[in-house]
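Everything below concerns the one structure shown next.
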Amino acid sequence: MSILLSCQKVFSSFIDIIYPPRCHICQSFLADDYNNNGTRPICQDCLNNFSGIESPFCPVCGTPFESMEEEDHLCEACLRKRPFYDIIAAPYLYEGGIMEAIHLLKYAGKTHLVESLGPLLASFALEKLDMTDGCLIMPVPLHPKRLRERGFNQSLLLARVLATLLDVELDFLSLRRIRYTQPQTGLKTDERRKNVSRAFELTEKIKWKGKTVILVDDVATTGNTLNECARVLKRAGCAKVFCLVLARASGF
Ligand SMILES: [Zn+2]
Ligand SMILES: [Zn+2]
């Protein structure tokens, strides 16, 4: 071990004595044996409080089904009209602990939470997504006005962690949000679709032929925003658009 690494280790142990590591969500002190590699400071109780999505679910939009007897199958909405994206993959249902964590990240500015949530999403992506050579990670962009209001784009923060951990190229400039839209929550189904219609554009239209894009967002509540981004990407020639979100609502 180099002298620099040993010094860093001593320094971080010293910091741990002065400021014992706490769970990023509930603030409880973490047990001595927690995974102290700086990537997962979430306590086991909080992790247990994240509701995982289990089969059966729709293999396209990811909607979980209530009956545990069935196998995975297309939901009625996807059967009627296939979305532009290929899949929405999410490790968790948008409820309980993960919802609380996403709220802290987005609305209370606790951006350090991406250091814990990003690696959870990265290991899920490795399991679920077929990442071919030359695929790109793109965050769902915020409108410049919303970006000024919030100060950061949580999807870009997550996408950045994913790109590093998965060693995939990050592109956060090509896809832009050109319409300032209302939040999707509280709108009716039809209004939600109209709300995000033509809200995105690609700055460069030539380099997309045959590409696979991993589109990253924190949460999918209706799927319309992801679908609208996917529409633009597919029209530009992308072969596949995989949407990767931390959590999704139980039904669209
Ligand atoms: Zn906790
Ligand atoms: Zn579906």
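Here are some notes:
- Averaged per residue, the chain has 55 square angstrom of accessible surface, using a 1.4 angstrom probe with ligands and nucleic acids left out.
- Chymotrypsin sites (Phe, Trp or Tyr not before Pro) within the stretch 88-153: DSSP coil, no more than 16 neighbouring Cβ in 10 Å: Phe152
- For Val232, the solvent-accessible surface with a 1.4 Å probe is about 20 Å², rounded to the nearest 10.
- Secondary structure note: in the chain, about 25% of the DSSP beta bridges are antiparallel.
- Cross-link pairs Lys81/Lys209; Lys81/Lys128; Lys110/Lys211; Lys110/Lys205; Lys145/Lys234; Lys128/Lys188 - those with Cα-Cα distance over 29 Å: Lys110/Lys211; Lys110/Lys205; Lys128/Lys188
- Helix 96-107 vs. the chain, principal-axis angle (Cα, 0 to 90°, nearest 10): 90 degrees
- Extension gain, Glu115 back to Thr185 (0.36 nm per residue minus Cα-Cα distance, nm): 22.5 nm
- Ranked from largest to smallest solvent-accessible area, with a 1.4 Å probe on the protein heavy atoms, Glu100, Glu228 come out as Glu100, Glu228.
- Along each principal axis, taking the top coordinate minus the bottom one, the Cα set of the chain gives 57, 45, 36 Å in descending order.
- Neighbours of Leu187 by Cβ distance under 13 Å: Lys/Arg scored +1, Asp/Glu scored -1, total +2.
The values are calculated or read from the model by the stated rules, or taken from the named source; none is laboratory data. Just so it is clear, the structure is predicted and the values come from calculations on it, not from any experiment. Cβ coordinates were reconstructed from backbone atoms using ideal geometry, including for glycine residues, and neighbour counts include every protein chain displayed. Side chains are part of the model used for accessible areas, which takes the heavy atoms of the whole protein and leaves out ligands, DNA and RNA. Shrake-Rupley method; radii C 1.70, N 1.55, O 1.52, S 1.80 Å.
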